[in-house]
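A short worksheet on the structure shown next.
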């Protein structure tokens, strides 16, 4: 059931961006606004989530302590208690933003808007690693927040 919805959302998203959906469905990354995204669905368990991974890039060594602290503060600020979105560091040292989108209520245009917002955050990250005062976690709107709020409110139910 959810595999079909995942495919529908990806095909619609790729249509919006004029990208070959087959490649994205086969696991190839999608580049939007200069940022690389991987879009994943666990077909083995037919997960009701679409997981998006956005590579924000590496932290300069001299800023690691400050930047990683800011990411932990941000994780706490965006924590919903139900998963949803978080910053991680991959095995190569890249900061990766991970967001779970509930397929029940995710539509291609809305996902495109959230991925565009995530790309803006990634660009901002690359400019200053969220270390400025205006980048304090409480002052940001994060990509999956609205979808998670809709899911909790039952707006996706028919």
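Each value in this text was obtained by applying a stated rule to the coordinates, not by laboratory testing. If you're wondering where the values come from, they're calculated on a predicted model, not measured in any experiment. Cβ sites come from the backbone with ideal geometry, for glycine too, and all protein chains shown count toward neighbours.
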query: Which residues in the stretch 89-116 place their backbone N less than 12 Å from a point set 7 Å from the Cα of residue 1 along the Cα-to-Cβ direction?
result: 104
- prompt: For the pair residue 90 and residue 133, how long in nm is the line joining their label points, each one 7 Å along Cα→Cβ?
  reply: 3.6 nm
query: Which ordering of 23, 41 is given by a fewest-first count of other beta-carbon atoms within 10 Å?
result: 23, 41
- prompt: Between residue 68 and residue 123, 0.36 nm times their residue separation minus their Cα-Cα distance comes to what?
  reply: 18.1 nm
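Among 125, 2, what is the fewest-to-most ranking by other Cβ atoms within 10 Å? Mind dumping the intermediate values first?
Working: 125 23, 2 18.
By the 10 Å Cβ count, ascending: 2, 125.
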- request: Mind checking the full-extension length gain between residue 8 and residue 110? Use 0.36 nm per residue of separation minus the Cα-Cα distance, one decimal, nm.
  value: 35.4 nm
task: First check a/c for the stretch 20-76, with a ≥ b ≥ c the square roots of the eigenvalues of its C-alpha gyration tensor; if it is under 1.5, answer rounded, and if not, answer prolate when a/b is larger than b/c or oblate otherwise.
output: oblate
query: Quick one: if the Förster radius is 25 Å, what FRET efficiency do residue 79 and residue 22 give, using the C-beta to C-beta distance and rounding to 0.05?
result: 0.10
